[in-house]
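Accompanying notes for the structure given below.
The values are calculated or read from the model by the stated rules, or taken from the named source; none is laboratory data. Since this is a predicted model, take the numbers as computed values, not measurements. Because the Cβ atoms are built from the backbone with ideal geometry, glycine has one as well, and the counts that use them run over all protein chains shown. When the accessible area is computed, the model is the full protein with side chains, heavy atoms only, and any ligands, DNA or RNA have been set aside. Shrake-Rupley method; radii C 1.70, N 1.55, O 1.52, S 1.80 Å.
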Amino acid sequence: MNQSNEDHPGHPLLAYKNEAFLDTPEARSLRIISEYLYPLHQFRKEKVSDTVVFFGSARTFEGGPNGVYYNGARELARRVTEWSNNLPDSTRRFVICSGGGPGIMEAANRGAQDAGGKTIGLNIGLPFEQRPNPFITHELCFEFHYFFMRKFWFAYLAKALVVFPGGFGTLDELMEILTLVQTQKLMKKMVVVLYGSTYWKEILNFDALLRHGMISETDLQLFSFADDVDTAFHLLENGLTKYYLEPDKETPAIAKSRI
């Protein structure tokens with residue numbers, strides 16, 4: 001039964017205003033494209049040119065046993081934002097972007113806010129842990145239903161990735177970005193920093209992957225390790241300057257389809 005149109009009693013709702021229809025399987029394609037078009041609209045409106053994405057555990061808290069990582073993420077995000085704010089550009093370059101939740105995500109958004117910068121949160125509905133943290137810029141706080149659309153926005157605007165210790169979600173996001181770079185589906189230079197070398201070398205045995213012939217030696221050059229804020233910041237500053245701020249540096253954001 002058609003729902004009533006309050007503006008025009010007796011008339012059915014326009015399809016795009018019919019919430020009952022929009023929640024149906026038949027309207028899934030509309031929901032998916034909305035999760036592309038709405039962020040695109042907001043990023044253009046806010047003049048966000050590109051991002052530095054922070055990944056890491058939602059279970060890392062400021063006063064907890066891994067608080068050193070929370071503090072490191074906050075300070076690094078602050079320094080990157082201060083540096084970015086001083087670039088001679090009318091657009092917002094290298095805006096700090098996180099998954100929008102607690103832990104390392106909160107620390108990254110908080111650090112960017114500390115520096116007076118805008119900061120992005122790409123939230124997603126989950127049964128636990130995922131609630132928007134209070135440090136995200138209101139106009140750049142998004143809620144996704146589809147994981148793949150959220151991942152698209154992580155990859156599409158990112159020029160650098162900083163990955164702090166984390167669990168399944170962090171590993172998933174890290175490996176997806178590395179795979180896109182390795183397979184050249186991202187036709188751009190991506191600065192990837194793994195923060196906390198002891199953790200990462202225990203969790204991921206890259207040398208074993210190389211020894212067993214599952215990756216090539218050049219694949220180990222897709223990322224760098226950092227154990228402190230100074231090292232991580234200089235890796236980001238040097239890489240972003242070399243690839244994106246020096247004259248005649250123009251690289252497309254996403255690879256063209258091979259099909």
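Being more than 28 Å from Glu202 (Cβ to Cβ) and aromatic (Phe, Trp, Tyr) is the filter; apply it to region 142-173 and report the residue that is farthest from the chain's Cα centre (by Cα).
In this case the residue turns out to be Tyr146.
What residue, of Gly213, Gly167, is without any contact (Cβ under 8 Å) to a residue 60 or more places away in the chain, out of contact with any Phe, Trp or Tyr (no Cβ under 6 Å at 6 or more places or on another chain), loosely packed, with under 14 Cβ neighbours inside 10 Å and not aromatic (Phe, Trp, Tyr)?
Matching residue, one of Gly213, Gly167: Gly213.
Check region 188-197 and report whether any residue there is within 17 Å of Ile104 (Cβ to Cβ) and surrounded by fewer than 16 Cβ atoms within 10 Å (Cβ to Cβ).
Scanning region 188-197, I find at least one residue that is within 17 Å of Ile104 (Cβ to Cβ) and surrounded by fewer than 16 Cβ atoms within 10 Å (Cβ to Cβ), so the answer is yes.
In region 20-46, what residues are among the aliphatic types (A, V, I, L, M) and either touching an Asp or Glu at 6+ places or on another chain (Cβ under 7 Å) or without any contact (Cβ under 8 Å) to a residue 24 or more places away in the chain (or both)?
Passing the criteria: Ala20, Leu22, Ala27, Leu30, Ile33, Leu37, Leu40.
Quick one: which residue in Glu176, Glu202, Glu246 is charged (D, E, K, R), open to solvent by 70 Å² or more (accessible area, probe 1.4 Å) and within 18 Å of the chain's Cα centre (by Cα)?
It is Glu176.
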